[in-house]
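We did not get these values from a lab; they are worked out from the coordinates using the rules stated. These numbers were taken from a predicted model, which means no experiment stands behind them. Quick reminder, even Gly has a Cβ in these numbers, built from the backbone with ideal geometry, and neighbours come from all protein chains shown.
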Amino acid sequence: MTATDLKELVADPELTPVEKLCHMDRPDGFPAQVRQEVSGWVNYNGEKQRSMAYPLLNEKGVSAAKWFNAAGYRFPEHKHRQVEWLVVISGRMNLQLLQGGVWRDRQLGPGDGVQITANTWHKAEFPESCYFMAITIPGTDEWPAVHA
């Protein structure tokens, strides 16, 4: 990324600071002002900061985090010991749940939510950049703190 590209990216009013950071190869190369605005966001298993979480609550009874996944990101298949709720804030998520040995598709957009039962394998693709909330009950030590 050239200095001109970086300047244009930072000045783009359509992108949030987290979205701007996801366009960078190295977050430490990002201007200090923007790094401060994304303070607290944790990179999660993604190349070029394409998947990030902001922990909101992590207690024995409940965990909650706000997530951002950049357009094109594929969240790998995984499962949790807890019940998980996902609610899309903006953007789109193509969620797949393994039910009865078959992957079932759920298309989620702003305001859509889904409950994922404990120990259900699931994965997601993001056709456009997406902010969403993830909540588990009971709380979990699996995410997002362990990825800090």
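For the reader, a short list of remarks on this structure follows.
- Listed peptides 94-107, 68-81 by packing density, highest first (mean Cβ within 10 Å): 68-81, 94-107
- Per-pair calculated FRET efficiency, R0 = 25 Å: residue 74 and residue 99 via Cβ, rounded to 0.05: 0.80
- Distance between modelled label sites at residue 58 and residue 81, nm, 7 Å Cα→Cβ extension: 1.5
- The range 44-140 - percent relative contact order, Cα under 8 Å, separation 6 or more: 40
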